[in-house]
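The values are calculated or read from the model by the stated rules, or taken from the named source; none is laboratory data. No experiment lies behind these values; they were computed from the predicted model shown. Quick reminder, even Gly has a Cβ in these numbers, built from the backbone with ideal geometry, and neighbours come from all protein chains shown.
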Amino acid sequence: MSQNMNENKERFILIAVDTGNDDAARSVKELAELLDTAGGETAGTVIQARDARHPGTYLGSGKIQEVKELVEETGADGVIADDELSPSEMKNLEDALGVTVLDRTMLILDIFAGRATTREGKLQVELAQLRYRMTRLSGRGTEFSRLGGGIGTRGPGESKLETDRRRIRTRISTLKREVEDLARHRDVTRQERKKSGVPVIAIVGYTNAGKSTLLNRLSDAGVLSEDKLFATLDPTTRQVKLPAGETALFTDTVGFIHKLPHHLVDAFRSTLEEAKYADVIAHVVDVSDPSWGLYSDVVYRTLAELGVTGKPVVTVYNKYDLVEKEAKTAEAEGREVRMLPKDPKAELTVRASALTGEGIEAFLKAVEDVLGENKVLFELVLPFSRAGEIQTIRKYGQLIQEEYTEEGIFVRAKVPSRLRDRLIAETEGSNG
Ligand SMILES: Nc1nc2c(ncn2[C@@H]2O[C@H](COP(=O)(O)OP(=O)(O)OP(=O)(O)O)[C@@H](O)[C@H]2O)c(=O)[nH]1
Ligand SMILES: [Mg+2]
């Protein structure tokens with residue numbers, strides 16, 4: 001969906017409020033990537049440090065003046081706010097600035113609109129867009145005439161923007177019914193899968209982490225993969241043979257993102273919920289991105305929001321090839337080689353590169369160990385401070401014996417060997 005001619009690209013000024021709670025600069029950088037993905041270009045950035053966003057205009061009046069000057073200076077086509085704006089905020093900003101004002105949600109919806117390929121995906125995007133516009137209609141009256149085309153206005157449906165509330169409402173309920181029909185169909189498929197006893201692994205992760213590349217690598221599935229955010233909107237499921245010969249189903253899912261609009265979480269619930277019915281979650285993390293820890297938190301939070309908890313997770317530290325390359329460069333230049341910190345929530349981890357194929361065998365092995373009988377018996381005295389690991393052992397294997405002694409908790413259990421290795425290594429570490 002990239003524009004073919006540079007001069008045709010729509011250009012925007014990005015604005016944000018930095019309340020100190022969130023890393024605003026990083027979030028705006030991501031907004032710029034989103035804009036690039038949508039085929040637009042960043043003409044400038046204005047971030048205002050404030051205790052809270054201005055109640056009526058998002059930014060304070062002095063900052064708005066600054067944005068206005070920047071718009072004139074750069075000849076930008078519009079402004080995009082890094083948070084979801086209320087209808088009145090949007091209107092007030094447009095009145096003050098004299099150009100189109102969009103928000104993060106509209107931008108993400110726009111990308112989704114361009115990316116949806118299956119019927120279900122298209123319906124879900126249209127539903128999310130209409131719901132979003134519905135809430136806007138109350139504050140803006142019926143003037144949507146400015147939405148003549150371009151970023152923030154695209155929709156997969158053939159219907160042009162209806163300005164009539166009632167017609168939108170009717171369309172929403174029709175779409176809802178269709179999405180529900182498809183969700184029911186998906187449910188039946190899931191039950192059939194379940195009956196067949198074939199294990200399902202849901203590949204989840206932050207957008208651009210390498211989920212589709214991993215699935216491609218696993219199965220030559222031919223899933224669209226590119227260096228754009230949200231390349232995948234529709235789940236794709238592929239059969240893959242595990243090392244010992246058992247067949248498993250791997251499902252690619254839509255990428256998570258910081259501030260994923262709730263309209264989208266709702267509309268895409270049935271797609272996102274693929275993870276809820278999986279036997280194992282494969283969490284793909286792009287460890288070449290310095291913010292990977294934060295992104296990993298977003299993934300865990302989104303999973304919890306969707307009610308996906310208590311499932312065994314195999315964490316794939318992906319793009320490890322880039323980490324190794326960086327380490328080599330650092331070493332050659334005499335710089336300090338940064339060690340990769342561990343994600344405290346990750347219980348089973350593999351380092352891999354979906355691109356080169358390195359670590360993929362280990363990943364499949366780890367999945368197999370979690371699923372199957374490939375578990376090893378071991379004994380260990382856990383320090384009391386690490387009593388939480390009992391939970392982990394139960395999740396991934398069987399706890400055979402648990403006894404409180406003076407030195408700690410004596411544990412006899414059967415778990416995947418990778419987990420045993422970690423438990424033993426960390427216990428030795430904590431004992432001195
Ligand atoms: N160097 C390197 N690049 C990778 C690796 N895995 C994926 N990539 C690249 O990262 C980009 C994103 O990969 P995708 O597989 O599309 O990511 P995704 O998680 O499916 O992204 P969305 O579907 O957009 O959420 C592509 O350009 C891939 O070629 C890896 O292990 N090493
Ligand atoms: Mg993908």
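General remarks:
- Condition check for ASP289 on (1) away from ligand 2 (no atom under 16 Å from the Cβ); (2) surrounded by fewer than 19 Cβ atoms within 10 Å (Cβ to Cβ); (3) not β-branched (Val, Ile, Thr): one failure, at (1).
- Verdict on VAL285 being within 16 Å of GLY255 (Cα to Cα) and at pLDDT 90 or above: yes
- Residues in the range 306-350 that are within 16 Å of ligand 2 (Cβ to nearest atom) and among the β-branched types (Val, Ile, Thr): VAL316 only.
- Residue in the range 225-246 that is farther than 24 Å from VAL125 by Cβ, of a type in the set (A, V, I, L, M, F, W, C) and either under 21 Å from the mean Cα position of the chain (by Cα) or within 7 Å of ligand 1 (Cβ to nearest atom) (or both) present: no
- Among the criteria (1) loosely packed, with under 14 Cβ neighbours inside 10 Å; (2) closer than 24 Å to VAL28 by Cα, the one GLU333 does not fulfil is (2).
- Each residue in the range 175-220 was checked for being buried (at least 24 other Cβ atoms within 10 Å of the Cβ) and more than 24 Å from the chain's Cα centre (by Cα), and 0 pass.
- Tally, over the range 300-340, of residues that are of a type in the set (Phe, Trp, Tyr) and touching an Asp or Glu at 6+ places or on another chain (Cβ under 9 Å): 2
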